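Read the structure below first, then the notes.
Each value in this text was obtained by applying a stated rule to the coordinates, not by laboratory testing. Keep in mind it's a predicted model, so treat the numbers as computed, not measured. Heads up, the Cβs are rebuilt from the backbone with ideal geometry, glycines too, and the neighbour counts pull from every protein chain shown.
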Amino acid sequence: MGQTAFTNPGQFYRGNIHTHSTASDGVRTPEEVCRTYREAGYDFLCLSDHFMERFGFPVVDTTAYRTADFTTIFGAEIHALQNSHGELWHLLACGLPLDFEKLGDGEDAVSLAKRAVAAGAFLGIAHPQWSQLTIEDGRQMAGIAHSVEVYNTGCHLECDRPDGTALLDALLSEGHRLTGYAADDAHFKSHDYLGGWMMVKAEANEPEALLSAMKAGAFYSSRGPVIENIVVAGKMISVDCAPAAGVAIVGRGSRAEYVGGEALTHADLPIERFTGDWCRVVVMDEAGKQAWSNPIWL
């Protein structure tokens, strides 16, 4: 999956798939939210308001805010009981129909997640560190969800719990084939926007093409660094990137390889320790920001 972003046909499109508006608990209108991302140079946005009874179970129609260079995907953050703490699950469903059925009486999170995927959604396990999800929680959703949220801007700023890589890596080590995406979870009550995004390789900046690419793992995620190419050849992984401070591959347990340097644009890293297993590429810049590839199964 990690190489798919660089072998798939098409071009990269930058987008955010976890965002809130006044349709739930955000403070900007859907039009204002879309304008914020469009004017920042994003190619696409999924407005993912909370799919809850107190907000009227919204899947917001953002068609009116599309332009020739900016598209939107319908979606929502869906919720049902219960995770290991007895709390609501937070699941990111990017690609829902506008008439997605509201939560049924007594419906649990597994049933809701399966319905969302059946309806065409790219399903992500949202902010696992913020929710303090356990490996048991992850196993519950691993056979349904496509991806784990590896970075969340809002959780970084507001409670210093932005990470999802620990849960993703634990599930990968059990054989679950999931990807990892970065997102903002913007509510606009702080500067919780434009901080983490996906770079999706698709043949067109259109909802169905983008969703198909996401489900295929044809993307990488970033807070700033640019990954230009990843090639697995023989006993090495070669990574090309915009000037960076370091490139690493990480895998099961403590397995990792690292190359550092000033304005680093290419790195060759040995993969003998990862053979027969998985690894991920991480590119880091001088400011301490990262870009993450999807897992590579060797």
Placing each pseudo-label 7 Å from Cα in the direction of the beta carbon, residue 231 and residue 25 end up separated by a distance in nanometres of 4.8
Kirkwood radius from Cα pairs of segment 148-298 plugged into Stokes-Einstein at 37 °C, 0.692 mPa s, gives D in µm²/s equal to 206
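So between residue 272 and residue 110, what do we pick up on full extension, going 0.36 nm a residue minus the alpha carbon distance?
54.5 nm
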Listed by chain and number, the lysines with an alpha carbon less than 18 angstrom from that of residue 102, same-chain partners under 8 positions apart left out, are 114
Residue 262-residue 297 pseudo-label distance in nm [points 7 Å out on the Cα-to-Cβ vector]: 4.3
Express in % the proportion of alpha carbon pairs of segment 105-212 at distances exceeding 25 Å. 25
Which value, to two decimals, describes the C-alpha radius of gyration of segment 232-276 once divided by 2.2 N^0.38 Å? 1.16
Set of lysines near residue 289 by C-alpha distance (under 29 Å), chain-local residues within fewer than 8 positions excluded: 189, 201, 215, 235
If you restrict to DSSP beta bridges whose two residues both lie in the chain, what percentage is antiparallel, to the nearest 5? 75
Sum of side-chain charges, residue 64 neighbourhood, beta-carbon under 12 Å (Lys, Arg +1; Asp, Glu -1): 0
Computed FRET value (nearest 0.05) for residue 160 with residue 68, which takes r as the C-beta separation and R₀ as 41 Å: 0.55
May I have the extent of the alpha carbons of segment 1-59 along their three principal axes, as whole Å values ordered from largest to smallest? 44, 26, 13
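What area, in nm² and to one decimal, does the C-alpha convex hull of segment 123-182 cast on average over all directions? Write out the running numbers ahead of the final one.
Working: hull surface 13.5 nm².
Computing the convex hull of the Cα atoms and averaging its projections yields 3.4 nm².
Could you tell me the calculated FRET efficiency between residue 32 and residue 238, based on Cβ-Cβ distance and R0 = 51 angstrom, to the nearest 0.05?
Approximately 0.75, to the nearest 0.05.
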With a 10 Å radius around each residue's Cβ, average the other Cβ atoms per peptide and rank 230-243, 99-112, 190-203, highest first. 190-203, 230-243, 99-112
R0 = 30 Å: FRET efficiency of residue 55 with residue 204, Cβ-based, nearest 0.05? 0.40
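Note down the Stokes-Einstein diffusion coefficient of segment 46-156 in µm²/s, whole number, using a Kirkwood radius over alpha carbon pairs, 20 °C, and 1.002 mPa s.
Values: Rh = 14.4 Å.
Taking Rh from Cα pairs, D becomes 149 µm²/s.
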